[in-house]
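These notes concern the structure reproduced below.
What follows is calculated from the coordinates using simple rules that are stated; it is not laboratory data. None of the values given here were measured: they were computed from a predicted structure. Virtual Cβ from ideal backbone geometry, glycine too; neighbours counted across all protein chains shown.
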Amino acid sequence: MASEETTPHYDLVVIGCGAAGLSAAVSHTAAAKAKGREARVAVLERATKENRGGATRWTSSWFRIREDRGLDGNFIDTMKTVSNGMADLDYCETLSRESAETLGFLEANGVELIFFKQPFPNRNDGGGLGMPARGGVGIVDGLAEVVDRTPGIEILYETEALRLSVSADGRVDGVITRGRDGLMKRLVAPAVVIACGGFEGNKEMLTQYLGNRACDLPLVAPTLTHNRGEGLRMALEVGADTAGQFDMFHGEPMDVRSSKPDAVVYGYPYGILVNGEAKRFFDEGKNSFDSTFEELSYEIWRNQNQKAFFIGDQTTLGIEHWTDINLTDQPMIEADTLAALAEKLGLDPAALEATVAEYNAAIGPGTFNPKIFDGRQAKGLAVPKSNWAFPLERAPFIAYPLTCAITFTFGGIRTNSLGQVVNPAGIPIPGLYAAGEVTGLYYHYYPAGTSVLRAATFGRIAGAHAAGALKPSA
Ligand SMILES: Cc1cc2nc3c(=O)[nH]c(=O)nc-3n(C[C@H](O)[C@H](O)[C@H](O)COP(=O)(O)OP(=O)(O)OC[C@H]3O[C@@H](n4cnc5c(N)ncnc54)[C@H](O)[C@@H]3O)c2cc1C
């Protein structure tokens, strides 16, 4: 390692170049500038410049936001209920309070945002959504551009953080890194923000926490391979507490044929889902797709041998905006009869015909309406359908083959509402912050559209708080 004289010194080292890390770096520099100081900040990125940005790079980045830019008003109650009271509600309240400010922060730093109402039923308060006009890559590029033109901050590409450096009295005082040359180097700083994502890119840690068949989970986007859990490990090494459910993850029902990032098929409530035996296994209409796609994905992985098929017909195809919610780049599989469709999918034709006939016969009265929870059910089946049941009878029939892909892990580091990493007693570890997916929050269920928002929000808060420790220039 370099001698003490050649060791680089910074005011802040940020590990990770996604929404959380870049927000921390930019807010830190702005807060220092407001105090009359030019902060020296290093952002570590394991990937090359072209592949920077982890999950943030590939997400559409839907925000669970009302039209007035406030976070979904049901968020805190939802978190309390689904987690059985385990979720940190102070953290959730901070997120709720600070979301609008975060959106302003992103816009002020060159990220164009758009706001709209979701065309399909959902459980968000008011049904509003927002997103960056270019998706998550707009956040990475926008904030990285600010970094590139701001004196004092640099992004160190192809440089991975290995562990934290800690002073004799337990204060975090830097990071041990490994760069392109393969050599280790210590970067010195009075504050470090860990923002290097979850452990979805690490099969060994996935197996440790999720259990058997974790190795069968494909990544929903390629750069998740860089998120290998070092952030969690290095925080645990210095006594950090954890939060979030370690044996759960956020998954998506992805077209198995596609290698496109985020090739999700959200249109499954408007038809049926069958497994490899051509049998239904999930109530496709139990709730809105944005409320059930995680549970569905987990079920496909855990109990259906990673194999499922969406089956629809011409009524499905006639639904306004239906094709827009299927993000795969692969064409639908079509056939004039259910038996021919089954042949194309590798399913038993007689079994698929029997499943569809039984389902069609179980559909009760009512009018199918995809724009509301229409209450039109298929009842008396081993697996009922609670909304949007209509007979599958209008050829050609259509299908998508699905598998579960992992998006992010739930378990991570515990922080307080300032982004400070805390020990099990809730005492902040001096000099150590964490933000984004590396921090744990969710239990049992992820209210979709809150992950990027919390990454940017707590990155912004942590960066600014760390700057509070800087001395104003003389
Ligand atoms: C396809 C897809 C769709 C999604 N859709 C949504 C959505 O619509 N709405 C939503 O809110 N969320 C969504 N998410 C989740 C959301 O994108 C992430 O939770 C969020 O972007 C995480 O941001 P982050 O900054 O914490 O981590 P990341 O963006 O993953 O950034 C982590 C960074 O750390 C780097 N890194 C990792 N380890 C090291 C190391 N040891 N040293 C140095 N660098 C390291 C990585 O290369 C990466 O640049 C989606 C995710 C994906 C993949």
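Results, tabulated for the structure shown:
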| quantity | calculated |
| --- | --- |
| Listed peptides 45-55, 339-349, 211-221, 21-31 by packing density, highest first (mean Cβ within 10 Å) | 21-31, 45-55, 339-349, 211-221 |
| Among Y157, A168, M184 the positive-end extreme of the charge dipole of the range 117-202 (Cβ point charges) | A168 |
| Farthest positive-ward along the range 209-346 dipole, Cα basis, beta-carbon charges - from C215, T328, F249 | C215 |
| Calculated from backbone phi, Karplus (6.51, -1.76, 1.60) coupling profile of the range 374-390 in Hz, x at Gly/Pro | 7, x, 7, 10, 10, 10, x, 9, 4, 10, x, 10, 8, 8, 6, 8, 9 |
| Between 0 and 90°, nearest 10: helix 349-361 axis offset from the chain longest Cα axis | 80 degrees |
| Directionally averaged projected area (convex hull, Cα atoms, the range 33-124), nm² | 9.3 nm² |
| Dipole magnitude of the range 90-130, debye to nearest 20 (Cβ charges: Lys/Arg +1, Asp/Glu -1, about Cα centre) | 260 debye |
| Dmax and Rg, reported as Rg then Dmax, of the range 103-237 (C-alpha, Å) | 19.1, 57 |
| Value of D in µm² per second that Stokes-Einstein yields for the range 235-276, Kirkwood Rh from Cα pairs, at 37 °C (0.692 mPa s) | 233 µm²/s |
| Of K279/K385; K307/K379; K307/K371; K286/K371; K260/K286, pairs whose Cα-Cα distance is over 20 Å | K307/K379; K307/K371; K260/K286 |
| Per-selection metrics, the range 267-319 (Cα): Rg and Dmax in Å | 11.0, 33 |
| Mean Cα-pair separation over length for the chain, i.e. relative contact order, pairs under 8 Å, 6 or more apart, % | 23 percent |
| Between 0 and 90°, nearest 10: helix 89-108 axis offset from the chain longest Cα axis | 80 degrees |
| q = 0.11 Å⁻¹, the chain: log10 I(q)/I(0) [Debye, one scatterer per Cα] | -0.86 |
| Approximate spin-label separation K471-N212, in nm, with each point projected 7 Å along Cα-to-Cβ | 6.1 nm |
| Centre separation in Å (Cα based) which lies between the range 182-211 and the range 407-429 | 14 Å |
| Nearest-ten-degree value, helix 136-149 long axis tilted from longest Cα axis of the chain | 20 degrees |
| Packing-based order for 425-438, 250-263, 165-178, using average beta carbon neighbours within 10 Å, highest first | 425-438, 250-263, 165-178 |
| Separation of the E358 and D181 label points, Cα + 7 Å toward Cβ, nm | 6.7 nm |
